1. Please enumerate the residues belonging to segment 133-153 that are over 15 Å from ASP74 (Cβ atoms) and either touching a Gly at 6+ places or on another chain (Cβ under 7 Å) or open to solvent by 70 Å² or more (accessible area, probe 1.4 Å) (or both).
2. So which residues in segment 88-97 are in contact (Cβ under 8 Å) with a residue 40 or more places away in the chain and not aliphatic (A, V, I, L, M), if there are any at all?
3. Quick check on segment 70-77. Is at least one of its residues part of a helix (DSSP H, G or I) and over 16 Å from ARG139 (Cα atoms)?
4. Given the criterion among the charged types (D, E, K, R), without any contact (Cβ under 8 Å) to a residue 12 or more places away in the chain and assigned to a helix (DSSP H, G or I), identify the matching residue among LYS100, LYS82, LYS6, LYS58.
5. Quick check on my filter: what residues within segment 7-27 are surrounded by 13 or more Cβ atoms within 10 Å (Cβ to Cβ) and among the polar types (S, T, N, Q)?
6. Tell me, which residue of segment 37-72 that is in contact with a Ser or Thr (Cβ under 7 Å, 6 or more places away or on another chain) and of a type in the set (Phe, Trp, Tyr) is least open to solvent (accessible area, probe 1.4 Å)?
7. Can you tell me how many residues in segment 40-54 are more than 8 Å from the chain's Cα centre (by Cα) and over 17 Å from PHE151 (Cα atoms)?
8. Could you go through segment 86-101 and let me know if any residue there is under 25 Å from SER131 (Cα atoms), basic (Lys, Arg) and either open to solvent by 20 Å² or more (accessible area, probe 1.4 Å) or at pLDDT 90 or above (or both).
Amino acid sequence: MISWWKIAGFILVLYSIILGILGAVPNLPILENSIRNLYFHVPMWFTMIALLLFSFIKSIQTLNNKNVVNLKFDSEAEVYAKTALVFGIAGLCTGMIWAKNTWGAYWTNDPKLNAAAVAMLLYAAYFVLRSSIDEEEKRARISAVFNIFCFPIYIVLVFILPRLTDSLHPGNGGNPGFNSYDLDSRLRMIFYPAVLGWILIGFWIANIGKRIKNLSI
């Protein structure tokens, strides 16, 4: 059965893709038409953060009982983190395309880019850790502890450290954010629905992942 939020996510994403490609955008210096990537690049990271937050919560629930490890919550934490990593990869790829068009290179020595890459590797290590432990309860307990530490480190790497040094990214290193100077009403009408739509799609994908995992048990 398709829930209302899944239909809403599909409609919002479809709306943002069509208007993101065909809709009018402000004529901005340097960015020009590449500003359209705002509708695709940034929502990937918002979706990743939302999914990682749920993975973090599920890991806490895994350890909620001191005597018994909840394997169901551990399984859900893994699925949310795995789905988040997919969106993180999409965020990096769309960011590299944007960087090539605005900064002249797919990858620059930018604190935000480097921090995002480190954060991605941190969660990749989470999956390596899981695959290295055979015993279910031990894997669930150790993975949950690791995941609980991962999320705050991710927030520090992506949102705090880049603000303390020079950065090309808007809103970091003294640069004003999009909202401060060029996120006009035309962009907002597509950007906000895109963020909400992709988050809903992200949870839809995670929900499918959980159902597949339950069938394999």
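The values are calculated or read from the model by the stated rules, or taken from the named source; none is laboratory data. The structure presented is a predicted model; accordingly, all values stated were derived computationally and were not measured. Counting neighbours? That spans all protein chains shown, and the Cβs are built from the backbone with ideal geometry, glycine included. All accessible areas refer to the heavy atoms of the entire protein, side chains included, with ligands and DNA or RNA removed. Shrake-Rupley method; radii C 1.70, N 1.55, O 1.52, S 1.80 Å.
1. Result: PHE149, ILE153.
2. Of segment 88-97, the ones in contact (Cβ under 8 Å) with a residue 40 or more places away in the chain are 88, 90-91, 94-95, 97.
Within segment 88-97, GLY88, GLY91, THR94, GLY95 qualify.
3. If we filter segment 70-77 for residues that are part of a helix (DSSP H, G or I), which is where we start, we get 71-77.
Going one step further and asking which of them are over 16 Å from ARG139 (Cα atoms), we end up with none.
Checked segment 70-77: no residue is part of a helix (DSSP H, G or I) and over 16 Å from ARG139 (Cα atoms).
4. Details: LYS82 fails: without any contact (Cβ under 8 Å) to a residue 12 or more places away in the chain; LYS6 fails: without any contact (Cβ under 8 Å) to a residue 12 or more places away in the chain; LYS58 fails: without any contact (Cβ under 8 Å) to a residue 12 or more places away in the chain.
So the residue among LYS100, LYS82, LYS6, LYS58 that is among the charged types (D, E, K, R), without any contact (Cβ under 8 Å) to a residue 12 or more places away in the chain and assigned to a helix (DSSP H, G or I) is LYS100.
5. SER16, the sole residue that qualifies.
6. Start the filter on segment 37-72 by keeping residues that are in contact with a Ser or Thr (Cβ under 7 Å, 6 or more places away or on another chain), which leaves 37, 39-41, 44, 51, 69-70.
Narrowing further to those that are of a type in the set (Phe, Trp, Tyr): 39-40.
On the way: TYR39: 1, PHE40: 51 Å².
Step by step, filter segment 37-72, then rank; the result is TYR39.
7. Filtering segment 40-54 for residues more than 8 Å from the chain's Cα centre (by Cα) gives 40-42, 53-54.
Now narrow it down to the ones that are over 17 Å from PHE151 (Cα atoms): 40-42.
Going through segment 40-54 one residue at a time, the tally reaches 3.
8. Scanning segment 86-101, I find no residue that is under 25 Å from SER131 (Cα atoms), basic (Lys, Arg) and either open to solvent by 20 Å² or more (accessible area, probe 1.4 Å) or at pLDDT 90 or above (or both), so the answer is no.
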